[in-house]
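Student: Got a structure for you, questions after.
The values are calculated or read from the model by the stated rules, or taken from the named source; none is laboratory data. Keep in mind that what you see is a predicted model, and the values were worked out from it rather than measured. Cβ atoms come from the backbone with ideal geometry, glycine included; neighbour counts cover every protein chain shown.
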Amino acid sequence: MQLSVFSTDNQKSGFRLQYIEVYNWGTFDEHIHSIKPLGETSLLTGANGSGKTTFVDALLTLIVPEKRYRFYNQSSGSEKKGDRTEESYVLGGYGTLNSESTGATKTLYLRENKDSAYSILLANFCNEAQQEVTLVQIRYFVNGDMKRVFVIAHKSLHIEDDFKPFDLSGNWKRRIEQQYNKGSRKQVEWFDVAGKYAQRLTEVLGMQSTQALSLFNQTVGIKVLGNLDDFIRTHMLEPRNMEELFQELKKHLATLLDAKRNIEKSEEQIRLLKPVQEHYEQFQSLTISDNQLNSALQTAAVWKRFTHDKLLEQAVEEGNDRNKIFERQIENLRTNIESLIDEERNTRNQIDQNTAGQRLKMLEKDLNELSKKKKDAEANLTLFTDWCNILHLDERNPADESSYSRILKECNKAAMRLERENRLNDEDDFDARNSLKSSKDEKDRIEVELNILLHNKSNIPAPLINLRKDVCTALKLDVSELPFAGELIQVKTEEYHWQPALEKLLHSFSLRLLVPDKHYKKITRYINQTDIGTRLIYYHVKDHLTLHADKDTVFHKMEFHPDHKLSAWVQQQIIQNFGYSCVDDEKELERMEKAITLNGLIKSRDRHEKDDRPGKNDPGRYVMGWNNEKKKEALIQQRNKLSDQITTAEETLQRCKNKGDRLQKQFYALSRIQEHTGFTSLNVESVQRAIHKAEEQVKELSQSNDQLKSLTLQLADILQQREKAQKDLEDLSGDKTVLQGQINEMIRHRESLTLLLQHITETDKDNLLAFQQQHAATMADVTLDTIDSTYSAFREETENKVTEVRSALHKAELQLNKSINQIKNPSTAIAQRFPDWYGDVQSLPDDAAHAEEYKEWLDKLTTENLPRYRKDFENFINDTITYKIGGLSEEMEKWEREINNSVVKLNQSLGAINFNRLPDTYIQLGKRSVPDTTIKEFRNNLLNALPQAANWQQSKFEEKSLHFHQKVQPLIDSLDENEAYRTKVMDVRNWFEFWADEKYANTNELKKTYRQMGQLSGGEKAQLTYTILCSAIAYQFGITREGKNSKSLRFIAVDESFSNQDEDKATYLMELCKQLHLQLLVVTPSDKIQVVQDFIAHVHLVQRVNGRHSVLYNMTIKELQQKMGKA
């Protein structure tokens, strides 16, 4: 049953003010000043400026502790409402002093010393059940800052008895704790935050919410209502903290977005990892092929030695067999030759006994000598002709003395030509050797550089990297703590065409080592005491000023390492020391004090510099950047170019050697011709004529002697047989010697192979056989004569394949490293979109050799992470939409129902109040939905955000995701983007507009509708204000709630509310409060006492003494009337 606010049996039900005590508050100084209404309506009066409002502000401070809901000095004009503060009240501000000389205004205080100033406010309330609530607030200063202590006691307390003596050390608080909170029941509650105190205050005094405190504040200074609609919405309807629901919803959105971001990040990572997997599989395949080819080369080398040994073994056996045959043949020939020698000797003896035979013998001797002379001449002529051929002479076969002389003259010319060719060949040889040495040295340097680049990402030259490593090792420092400047800067990708110019400009700065302040002393000590073997410049990095770069300067072409703490210092160095404007042409260059062109021309005021020396534009010498892939590519290209130069130099050296050998042969031939004895030793024709003459003489003698002829023929036949046998013997002996040499050589060759083949096992032999069968097309029919060429051809073919595979492997490695780099160093857009990207990839390897981890990561992302993230996202969608959005919608619907119920309850209360009489009327509140399109749109969006399908939980992931992106996220984003919009649409009270209807009591017919107060007279405004206000007070203070009348606040204060009202309207307020059984503290000047004197029981008079402090006098209304009667 609804309990009417006007049917209470006890006219003093609820909590009523019993007494207020203030100490050191405003002008109430040094003493405890108090009023004691004792639960009755009373009057606080006094002259203007006496301190009435100061006392009311003390009461207001106790009941409305939060500054945002409280306004001091409400009875004054609006221009003075901000003059008074808690601090000015505690210090006792009582006036101002103007300086005529300076024009400055100084506030005068009763308690100027903050170290000793403090203030205590205390108010006691009690209900008919003798339940007491004492509110206390203490203020003091610590180091110039005001401290506040809030107290709610469930018993009667007094400043004098309970808070004195007061001290800053807190003994007074310990004393109260000891006295009232000793047992299990705590009678005194302490608060250090106004909000918690306010919340507890509303609970113990039975108010609806902390909104009641704001209503109390408004009641103190109420004159007339402004906007009726706003007042009903703000003070008569309960607020709700929808912000917490929204923030919870926003957290779920953040969780959802995190899940979505995880999905998007995983999908992006999968997208970038797929090329890594593809290139890695290609890289692995090529690596396997390379290993197989290298293994084939190694196996082929062993196969060649093993097969060669077996072929040699077979050849030695065959050679020994042939040797035995040669020995038998030689023995037979020797026997035959001995028989022919005996036969020759007998025949010669017979010829010697003949006279013609003796002459023939002499002629034969001469023929032998001439034949020998002819052979010598022919040999000499052959040599001489060969020498001429070597010298490429025009005449090469001298026929007579004149041609011989011409050849000698031509040799003199050839000598000069050979000297020139030899000198040029020596020069070419010298240049080739220098080129070979310099190329090999440079290639070795690049190999060292590449080796270092493979182990770190820096572009800094190897000597400086090694020096830093030595320093860090010696001092036990992390290398990352001592960066080179170049490791923290690089040219932006979109400005890459500026890199050659900026590398020249910043080259020296990039090679500077950066030493943080904490390491400076030990680094300096080490460098000073150590022979570092190279040149080093380092900076002592200290705190720096922050400057901003000019537009279009070098700074804007650069990017700085995002994760290093010294990047900011490097940025400032670039701004301060390299503030060159980047220009495109000479015209812009002329206008600038400091500038650099794209072609590398640097201008600094009058000084201009451009460095195009060889190598200055070489990417292999670049030093900036924290990724060295491009530098490695440049160095690899240089290495390949140097390899070509080395090959060319070696080929040149071989040509010079071949040419030198040829020239040496020509020099030898030239010297032999120049040293030759003469044409006689070459005259074969002259010797041939002498031989012919001797042969004619032998022929004539032989024809004249038949016996001699017969013997001669026999001897010739014997000699022919012997010569043939001797030749056959020599040939066989030579063949045997050659064969034995071959056998010995093969034996020695086998011995040399023994060490290499002694560890070959039977399994190895089987493998070699399988290898030969695998390559049967080329190796099946190999012989000792073809094994070298077969092996060479196989090796050459395989090495060509190795070259091709390694070239492809290098390309695959570059592509793989590039793909890895895209993951390790993603684009700016990806890094900004996924800030935790670097954390995912930081532990992953940088080189292609260990890219298996990326493949494992891809498998994990594809099979585990992405499905899990999608499942999490789906669960979060279900939770957000089903529970959070649905809960928000239900909460707003519940709030809407409560608003409807509150309006019904308020109308029940208003229906019992006579607003006007004759005829009697009453006030009713009206409401309807606002025609605001913003609110309508929000309500529709909220409804649309809820799933409409009954089987929505079983919908596909894509459908849920689409619903979230199209319906849920836009709703939450719109609320989050604009706090004013969110406050408006999520406050259900704003969904309606309110007004007041005046109706006839007897017929309930509408008499008049009140929407704007401006349409009413002053009296009507006041009457409607009091009616609506009292109804709101009854609702907020808990007076209307059944069964809780004793636990409801029945006290309000009004400050000078009757200043401009007639007595009838003032009486209306007093009668209305009496009907509600509200205790009222009326604050009004003494000239308005007659308006309220019939309704008050006590009078509290405030007076100002000497314009400084205020005093209070308490009396009953009867005592006041008696004094006024005597006067």
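Student: Would you confirm, using the coordinates I've provided, whether I20 is in contact with a strand residue (DSSP E or B) (Cβ under 8 Å, 6 or more places away or on another chain), modelled with pLDDT of 90 or more and buried (at least 18 other Cβ atoms within 10 Å of the Cβ)?
Tutor: yes
Student: Considering only helices (runs of 4 or more DSSP H) fully contained in segment 787-867, which possess at least 3 residues that are in contact (Cβ under 8 Å) with a residue 40 or more places away in the chain, surrounded by 14 or more Cβ atoms within 10 Å (Cβ to Cβ) and among the small types (G, A, S)?
Tutor: Details: elements: 787-824, 828-833, 837-841, 852-860.
In segment 787-867, the matching helices (runs of 4 or more DSSP H) lie at 787-824.
Condition check ((1) more than 29 Å from the chain's Cα centre (by Cα); (2) of a type in the set (A, V, I, L, M, F, W, C); (3) at negative phi; (4) surrounded by 15 or more Cβ atoms within 10 Å (Cβ to Cβ)) across all residues:
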site	(1), (2), (3), (4)
E264	no, no, yes, no
R271	no, no, yes, no
Y280	no, no, yes, yes
S285	yes, no, yes, no
I288	yes, yes, yes, no
S295	yes, no, yes, no
D309	yes, no, yes, yes
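Student: Out of all the residues in segment 446-462, which are crowded, with 16+ Cβ neighbours inside 10 Å, part of a helix (DSSP H, G or I) and of a type outside the set (A, V, I, L, M, F, W, C)?
Tutor: E449
Student: Still on this structure: Going by the structure shown, is L511 modelled with pLDDT of 90 or more and either within 26 Å of G600 (Cα to Cα) or polar (S, T, N, Q) (or both)?
Tutor: yes
Student: May I pose another question? Does T983 satisfy the condition of being touching a helix residue (DSSP H, G or I) at 6+ places or on another chain (Cβ under 9 Å), surrounded by fewer than 15 Cβ atoms within 10 Å (Cβ to Cβ), more than 14 Å from N941 (Cβ to Cβ) and of a type in the set (V, I, T)?
Tutor: The answer is yes for T983.
Student: Which condition number in (1) part of a loop (DSSP other than H, G, I, E, B); (2) modelled with pLDDT under 85 is the one that E128 fails?
Tutor: Of (1) part of a loop (DSSP other than H, G, I, E, B); (2) modelled with pLDDT under 85, only one is false for E128: (2).
Student: Considering only residues of segment 392-418 that are of a type in the set (A, V, I, L, M) and in contact with an Asp or Glu (Cβ under 8 Å, 6 or more places away or on another chain), which is farthest from K665 (Cα to Cα)?
Tutor: I407
Student: Filter segment 763-822 down to the residues that are of a type in the set (D, E, K, R) and within 33 Å of the chain's Cα centre (by Cα) and list them by number.
Tutor: K811, E813, K818, listed by residue number.
Student: Any residue at all in segment 535-550 that is assigned by TED's automatic domain parsing to the domain that holds L502, within 25 Å of the chain's Cα centre (by Cα) and within 20 Å of E503 (Cβ to Cβ)?
Tutor: Yes.
Student: Still on this model: Looking at L739, L753, L732, L719, can you tell me which residue is closer than 15 Å to E327 by Cα and touching a Leu at 6+ places or on another chain (Cβ under 9 Å)?
Tutor: L732
Student: Related question: Which residues, taken from segment 117-136, are more than 12 Å from L157 (Cβ to Cβ) and polar (S, T, N, Q)?
Tutor: Of everything in segment 117-136, those that are more than 12 Å from L157 (Cβ to Cβ) and polar (S, T, N, Q) turn out to be S119, N127, Q130, Q131.
Student: Next question. Can you tell me which condition E890 does not meet? The list is (1) part of a helix (DSSP H, G or I); (2) modelled with pLDDT under 85, and all the others hold.
Tutor: (2)
Student: Continuing with the same structure: Report, by residue number, each residue of segment 547-564 that is buried (at least 17 other Cβ atoms within 10 Å of the Cβ) and assigned to a helix (DSSP H, G or I).
Tutor: Result: V554, F555, K557.
Student: To continue, here is another question. Does segment 1090-1127 hold any residues that are out of contact with any His (no Cβ under 8 Å at 6 or more places or on another chain) and within 20 Å of T54 (Cβ to Cβ), and which are they?
Tutor: Once the filter is applied, which keeps residues that are out of contact with any His (no Cβ under 8 Å at 6 or more places or on another chain) and within 20 Å of T54 (Cβ to Cβ), segment 1090-1127 yields H1098, V1099, H1100, L1101, V1102, Q1103, R1104, V1105, N1106, G1107, R1108, H1109.
Student: Select from segment 469-493 the residues that are surrounded by fewer than 21 Cβ atoms within 10 Å (Cβ to Cβ), out of contact with any Phe, Trp or Tyr (no Cβ under 7 Å at 6 or more places or on another chain) and in a helix (DSSP H, G or I) and list them in ascending order.
Tutor: K469, D470, C472, T473, V479, S480, E481, T493, listed by residue number.
Student: Just name the residue that is nearest to H1098 (Cα to Cα) out of those in segment 34-93 that are among the aromatic types (F, W, Y) and at pLDDT 90 or above.
Tutor: F55
Student: Residues in segment 739-775 that are of a type in the set (A, V, I, L, M), out of contact with any helix residue (DSSP H, G or I) (no Cβ under 8 Å at 6 or more places or on another chain) and under 14 Å from A300 (Cβ atoms): how many?
Tutor: So the answer is 2.
Here's the yes/no breakdown for (1) within 30 Å of the chain's Cα centre (by Cα); (2) at positive phi:
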| position | (1), (2) |
| --- | --- |
| V570 | yes, no |
| K603 | no, no |
| E609 | no, no |
| G625 | yes, yes |
| E629 | yes, no |
| Q637 | no, no |
| E650 | no, no |
| R655 | no, no |
| G660 | no, no |
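Student: Just checking, which of I923, I899, I913, I972 is part of a helix (DSSP H, G or I), in contact with a strand residue (DSSP E or B) (Cβ under 8 Å, 6 or more places away or on another chain) and surrounded by 15 or more Cβ atoms within 10 Å (Cβ to Cβ)?
Tutor: Working: I923 fails: part of a helix (DSSP H, G or I); I913 fails: part of a helix (DSSP H, G or I); I972 fails: in contact with a strand residue (DSSP E or B) (Cβ under 8 Å, 6 or more places away or on another chain).
Only one candidate passes the filter, namely I899.
Student: Of all residues in segment 494-546 being in a loop (DSSP other than H, G, I, E, B) and among the polar types (S, T, N, Q), which is surrounded by the fewest Cβ atoms within 10 Å (Cβ to Cβ)?
Tutor: Among residues in segment 494-546 that are in a loop (DSSP other than H, G, I, E, B) and among the polar types (S, T, N, Q), the one surrounded by the fewest Cβ atoms within 10 Å (Cβ to Cβ) is T546.
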